[in-house]
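A.B. asks: First the structure, then my questions, so here it is.
The values are calculated or read from the model by the stated rules, or taken from the named source; none is laboratory data. Model, not experiment: these values are computed from the prediction. Note that each Cβ is placed from the backbone with ideal geometry, even for glycine, and that neighbours are counted across all protein chains shown. SASA here: full protein model, heavy atoms, side chains in, ligands and nucleic acids out. Shrake-Rupley method; radii C 1.70, N 1.55, O 1.52, S 1.80 Å.
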Amino acid sequence: MQEISFQCSPRQAKDDDFISSKIKSLLNLNTEDKIYFEWHKRSIDARKKNVKINCKFLVSTDHPIEKKSLTEFKAPQSNKCVHIIGMGPAGMFAALYALKCGFKPIIYERGKNVRDRRRDLAKLNKEGIVNTESNYCFGEGGAGTYSDGKLYTRSKKRGDVREILNLLVQFGANKDILVDAHPHIGTNKLPQIISLINEEIISCGGEIHFNSKLTDLNISEGIIKDIIINDQITLPISNLILATGHSARDIYHLLDAKGISLTAKSFALGVRVEHTQDFIDQAQYGQLNDEFLPPAAYKLATQVDEKGVYSFCMCPGGIIAPCATGNNEVVTNGWSPSKRNNPYSNSGIVVSVNPEDLGHSGSPFTCLNFQKEIEQKAWELAGKNQKVPAQCLLDFIQNKKSTEFPRSSYQPGIESIKMDDLFPSFICDRLRKGFIEFDKKIPGFITNDAVLHAPESRTSSPILIPRDKEKYHHIDVLNLYPCAEGAGYAGGIVSAAIDGMNCMLNISKL
Ligand SMILES: Cc1cc2nc3c(=O)[nH]c(=O)nc-3n(C[C@H](O)[C@H](O)[C@H](O)COP(=O)(O)OP(=O)(O)OC[C@H]3O[C@@H](n4cnc5c(N)ncnc54)[C@H](O)[C@@H]3O)c2cc1C
């Protein structure tokens, strides 16, 4: 077996006959020779606007390429079990790995299953009513369920990205995610994959309890003895994986009240900007609607006053979603379907915020309190419903209130405000300078045809739950495993899944 790489046009990359004859010519084979090939890596090179596809194939001249065997999950043979709080990517992959390691996983998830959760999202979008236990962040699959399902991560060093992608394919994701440089699944496909993971966990003897919130815990001599669910059920535990995500503020307060140490952590905050997808396609590809190319994306980053300003979670062909988890706050994020075929493109444009920017007093809640204040102010400024504060981008640069807006994908509606009335000046100043830099990279980026929606505030956890670097247990509480995004160790679906897997692997070594 060998690897063969070449560049071709987007049309040629979809044409198996072209690919076969190109490989044969590169290997000096005759046209009638038999070859077996499989995509290995695929990326888009749009630097010179004459868009090319970078292709890498695995090729064999004598036998078909072996398929990866499926990972088998089995019911545990012993009575070892692990309790997991939260069924986001971290909780789900911790549970799958518990089965692999011979443990029975028992998951408690405050939200509902994917089907019932969908009804609460409809209410949120149509009526602006937030169900505080079932929303874009809480429920089966966690915050990743109704997302774009982007699967790229910068945390390759932390674990086996390929293993996570292989498992997602095993549970129904398209095999393209194993090949594409920037793989994604899409909101319409994720719930089905998550349901299949759920079925696998149950069929191997695991337990999943929905509408089951961790509300208290009893701790003695550095060990959690038992946990309390819904203020009612007390359960003795041996090891606890805490994978509650970064929107579960009550969990941080619970840990703090129990004397479990926490630290303030830098996070990022800003706006979600929406352009038309046509504009982004034209800017990135130099052309519109090529049927052989996916909707274009961008990634932008710059330094302003030695602080990062960057794009975050870009959703081509996407929709801006109301992601509040409480009734008196507004939070934005974005999603897109697998085809990314909406006429809009959105992205968070955020500024790094350090505890020192906020006059840090040493409290672990310095950044969280600031994040909460901005979300609540947004809610007040936009009319105390789920409407989102909005300003056209050029108007923001010129500090003018917008009087006319293009259409926005944000379903609950927009309310014209000045971002300067929402954010402190250090955020607005850095955002302005950042946008001016981005406009140099994508000319025309600053326009009143683009709308800022605010705030983009749930980018990463504003709190770190400190843990042992090697063994992953909390530095003071030996059977507590602070896991993934909510604990400050992951950002995104894949890195959260990897962290869930790693927490479980560490427990299995005890
Ligand atoms: C709209 C949207 C789009 C996104 N798009 C992408 C994307 O394209 N790519 C990407 O990589 N990332 C994306 N993200 C971020 C990604 O979803 C998160 O990084 C990831 O889900 C974090 O995984 P986690 O398991 O650490 O936590 P979460 O997914 O947040 O899961 C935590 C779970 O814990 C539960 N929980 C909380 N408190 C309790 C409690 N007290 N008791 C019981 N259960 C509790 C919650 O209900 C939740 O289900 C998106 C997020 C959103 C909201």
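A.B. asks: How much length would be gained if the chain were fully extended between Glu207 and Asn399, taking 0.36 nm per residue of separation minus their Cα-Cα distance, in nm to one decimal?
C.D. replies: Residue separation times 0.36 nm, minus the Cα-Cα distance, leaves 63.8 nm.
A.B. asks: Moving to a separate point now. Report the net charge of residues surrounding Asp395, where surrounding means a beta-carbon distance below 10 angstrom and charges are Lys +1, Arg +1, Asp -1, Glu -1.
C.D. replies: Computed value for this residue: +2.
A.B. asks: Choose one of Pro10, Tyr36, Phe57: the residue whose Cα lies farthest towards the positive end of the charge dipole of the stretch 2-60 (beta-carbon charges +1 Lys, Arg; -1 Asp, Glu; about the Cα centre).
C.D. replies: Pro10
A.B. asks: Another one. Given Cβ point charges of +1 (Lys, Arg) and -1 (Asp, Glu) and nothing else, what value in debye, to the nearest 20, does the dipole of the chain about its Cα centre take?
C.D. replies: 560
A.B. asks: Let me ask you something else. What FRET efficiency, computed as 1/(1 + (r/R0)^6) with R0 = 51 Å and r the Cβ-Cβ distance, is obtained for Glu415 and Lys225, rounded to the nearest 0.05?
C.D. replies: Using R0 = 51 Å, I get an efficiency of 0.55.
A.B. asks: Please state, rounded to one decimal and in Å, the Kirkwood hydrodynamic radius that the stretch 264-456 gives when every pair of distinct Cα atoms enters the mean of 1/r.
C.D. replies: It is 16.8 Å.
A.B. asks: Can you give me the C-alpha center-to-center distance between the stretch 127-149 and the stretch 309-360, rounded to a whole angstrom?
C.D. replies: Comparing the Cα centres of the stretch 127-149 and the stretch 309-360, I get a distance of 14 Å.
A.B. asks: Going by Cα centres, the stretch 242-291 and the stretch 417-474 are how many Å apart?
C.D. replies: Their Cα centres are 9 Å away from one another.
A.B. asks: Which residues in the stretch 347-388 place their backbone N less than 14 Å from a point set 7 Å from the Cα of Glu437 along the Cα-to-Cβ direction?
C.D. replies: In the stretch 347-388, the label zone of Glu437 (backbone N under 14 Å from the point 7 Å along Cα→Cβ) covers 349-353.
A.B. asks: Averaged across orientations, what area in nm² does the convex hull of the alpha carbons in the stretch 164-321 project?
C.D. replies: Its Cα hull, projected and averaged over all orientations, spans 14.3 nm².
A.B. asks: Give me the one-decimal Kirkwood hydrodynamic radius in Å for the stretch 2-60, with the sum taken over alpha-carbon pairs.
C.D. replies: Result for the stretch 2-60, one decimal place: 11.8 Å.
A.B. asks: In addition: Give the Kirkwood hydrodynamic radius (Å, one decimal) of the stretch 144-226, defined as one over the mean of 1/r across all pairs of different Cα atoms.
C.D. replies: Across the stretch 144-226, the inverse of the average 1/r is 15.3 Å.
A.B. asks: Restricting attention to the alpha-carbon atoms of the stretch 457-510, what are Rg (one decimal) and Dmax (integer), both in Å?
C.D. replies: Spelled out, the Cα radius of gyration and Dmax of the stretch 457-510 are 11.0, 37 Å.
A.B. asks: For the chain, just run the numbers: alpha carbon Rg, then divide by 2.2 N^0.38 Å, N being how many residues it has.
C.D. replies: Scaled against compact globular proteins, the figure is 1.01.
A.B. asks: If you take the charge dipole of the chain about its Cα centre, with +1 on Lys and Arg Cβ and -1 on Asp and Glu Cβ, which of Asn135, Gly270, Ala98 is farthest toward its positive end?
C.D. replies: Sorting the options by dipole projection puts first Ala98.
A.B. asks: Pulled fully out, how much extra length does the chain show between Asn369 and Asn327, if you take 0.36 nm times their separation in residues and subtract their Cα-Cα distance?
C.D. replies: 13.5 nm
A.B. asks: Stretch Thr276-Ala301 to full length: gain in nm at 0.36 nm per residue minus the Cα-Cα span?
C.D. replies: Length gained, Thr276 through Ala301: 7.0 nm.
A.B. asks: Give the whole-number value, in cubic angstrom per residue, of the convex hull volume spanned by the C-alpha atoms of the stretch 324-438.
C.D. replies: In the stretch 324-438, the Cα hull volume divided by residue count equals 134 Å³.
A.B. asks: Taking GluC sites (Glu not before Pro) as candidate sites, keep only those in a DSSP loop with at most 12 other Cβ atoms within 10 Å, then name the longest stretch of the chain containing none of them.
C.D. replies: Here the longest segment lacking exposed loop sites spans 73-220.
A.B. asks: Using a 1.4 Å probe on the protein heavy atoms, what percent of the accessible area of the stretch 99-203 belongs to carbon and sulfur?
C.D. replies: About 48 percent, which is the carbon plus sulfur part of the accessible surface.
A.B. asks: Among bridges DSSP assigns within the chain, what percent are antiparallel (round to 5)?
C.D. replies: Taking every DSSP beta bridge within the chain, about 75 percent pair in antiparallel fashion.
A.B. asks: While we're looking at this one, here's another question. Give me the distance in nm between label points sitting 7 Å out from Cα along the Cα-to-Cβ direction at Asp160 and Ile35, one decimal.
C.D. replies: 3.1
A.B. asks: Enter the accessible area per residue of the chain (Å², integer; probe 1.4 Å; all protein chains in place).
C.D. replies: Result: 43 Å² of accessible area for each residue.
A.B. asks: On to the next question. Add +1 for every Lys or Arg and -1 for every Asp or Glu among the other residues with Cβ under 15 Å from the Cβ of Leu217, and state the total.
C.D. replies: -3
A.B. asks: How large is the convex hull of the C-alpha atoms of the stretch 95-254 per residue, in Å³?
C.D. replies: 145
A.B. asks: Here is a further query. Return the Rg/Rh ratio of the stretch 32-87 with Cα-based radii and a Kirkwood Rh.
C.D. replies: Here the Rg-to-Rh quotient is 1.30.
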